[in-house]
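Only one structure is covered here, and it is reproduced in the block below.
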Amino acid sequence: MFAHLLRFLISLMFPHWMQDQTPDQNHFYRRVFTSRHKARVKRLYLLWLGAMSIVLIFPSLPLLIIVTLFTTFISFSFLDEAS
């Protein structure tokens, strides 16, 4: 009962276009629900897992900063839909 009430209250706060979760390649929000985007996110998850394992193997602050910034740049570049 509480879950339904909470879901109803959240649906009142968000606009109508956020409630529609049908995949659409051209819509800026529903693009997240396409299989292509989900595959990209899965690849980025593996990239971040590898980057953080490198940081755990070689624990130093400069390496942490460099690897984190580079991985963030690669992530934003990979998820950019302008290409």
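The values are calculated or read from the model by the stated rules, or taken from the named source; none is laboratory data. All values reported here derive from a predicted model rather than from experimental measurement. Neighbour counts run over all protein chains shown; Cβ positions are idealised from the backbone, glycine included. For the accessible areas, the whole protein counts, side chains as well, though only heavy atoms, and no ligand, DNA or RNA atoms are used. Shrake-Rupley method; radii C 1.70, N 1.55, O 1.52, S 1.80 Å.
Odds and ends about this structure:
- Every pair of residues 6+ apart whose Cβ atoms lie under 6 Å, when the first sits in the range 62-83 and is modelled with pLDDT of 95 or more while the second is surrounded by fewer than 12 Cβ atoms within 10 Å (Cβ to Cβ): none
- Residues within the range 59-83 that are open to solvent by less than 80 Å² (accessible area, probe 1.4 Å) and in a helix (DSSP H, G or I), tallied: 11
- Qualifying positions in the range 1-58 - loosely packed, with under 12 Cβ neighbours inside 10 Å, among the hydroxyl-bearing types (Ser, Thr, Tyr) and at pLDDT 85 or above: SER35, TYR45, SER53
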